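Just so you know, all these numbers are worked out from the coordinates, no wet-lab data involved. The structure presented is a predicted model; accordingly, all values stated were derived computationally and were not measured. Here the Cβ is made from the backbone with ideal geometry for all residues, glycine too, and neighbour counts use every protein chain on show.
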Amino acid sequence: MLGVLWFWMVGVMIVAYVVLDGFDLGAGVLHLFVARSEDERRMVVQSIGPVWDGNEVWLLAGGGTLYFAFPWLYASAFSGFYLPLMIVLWLLMARGVTLELRNHIDVGVWRALLDGLFALASTLLTIFLGAALANVIRGVPLDADGYFFLPLWTDWRPGVHPGVLDWYTVLGGLMACAALALHGSLWLSLKTTGELEKRAGDAVAPLWTAVLLLTLLSVPATMAVQPSTLTNYNRYPITCVIPLGVLLTLVGALVFHRRGQSLRAFLSSCGYLALMLVGACWGLFPTLLPATTGADRSITLSSAISSPYTLHVGLLWWIFGMLLAALYFTISYTMFRGKVDSHAQHG
């Protein structure tokens, strides 16, 4: 029972990271497309400036919780995914540096370089994070000791010994990029004003179409690569409300946006991202990391979980930490409510 609880607790933290950091990543993807002047680019940065670094805390907290509750999974995954994790680390650093430095450098060419690096790092991060999830769903070549190594790519096809990038994980990366760009456009529509708000709103329809097509394409692709993801849905048909909820929230995002209800449109996008991740977790459960080298080598909930005493003690501290985090985010987002001021300075 504790193992199931910790599985979904880690899942909640991953959902929190994708939903919260997703809109500022999406804003970064759209940064150079919707902002045409320095004032507008400053508004994009100000729309995420007070919260972007706090949002990334969920990524660190999720990794720490994974290490605490499922140490074998943590050891295997973080060693096997060493190369892409280093790439993600450098992209996170580049993004943070550009956000902080652009407000302290008043030289046009340097500011343009920082803006370009911010957009590039944000775009690549969305692709690599989507590809990472697709790698977990597809599976990795675990050996008899439960470890693996993945090159960046091999023959671009899923199989017994795939690379980090193949056609399926690239599809996952493109889907994540489109979904988070849509999430970011809805956020900018909610938080900005004037021509920037209008251009962000104009980007919603084409991005929504791309997300819908990629979502529909991902279903048969996942069934072909990892048929076992249907097992839980077939065993418990009531859980088919999850994919139904995915479609309803995606449709809701577009409908509310067209009605000018920006907050509801953004919350619908939050629901879409959350349900997509919940659906992926439910499709894998109780497997934590599938093995392409044989189902008997997969890392499962029962094989990776920490001792009951560790989980009991950790649960108390986790609840305390989550209460503090909830308080911080409530205060932060309450103080940050409303539209950003184009003439304000941040940093």
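Assorted remarks:
- Ordered by the number of other Cβ atoms lying within 10 Å of each residue's own Cβ, fewest first, W317, W187, W156 fall into the sequence W317, W156, W187.
- Hull volume in cubic angstrom per residue (convex hull over the Cα atoms of the stretch 2-335): 134 Å³
- Cα centroid of the stretch 1-23 to Cα centroid of the stretch 311-329, whole Å: 13 Å
- In the stretch 91-230, Rg over Rh equals 1.07, where Rg is the alpha-carbon radius of gyration and Rh the Kirkwood radius from pairwise Cα distances.
- Relative contact order (%) - the chain, alpha-carbon pairs under 8 angstrom, separation at least six: 24 percent
- P(r) weight above 16 Å for the stretch 170-231, C-alpha pairs, percent: 52 percent
- Scattering curve values for the stretch 96-160, log₁₀ I(q)/I(0), Debye with Cα scatterers, q = 0.18 Å⁻¹: -0.75
- Among H104, H31, H183, sorting on how many other beta-carbon atoms sit within 10 Å of each Cβ, with the fewest leading, yields H104, H31, H183.
- FRET efficiency, L212 to I331 (Cβ-Cβ, R0 51 Å, nearest 0.05): 0.90
- Taken about its Cα centre, the stretch 1-105 carries a charge dipole of about 140 debye when Lys and Arg each add +1 at the Cβ and Asp and Glu each add -1 at the Cβ.
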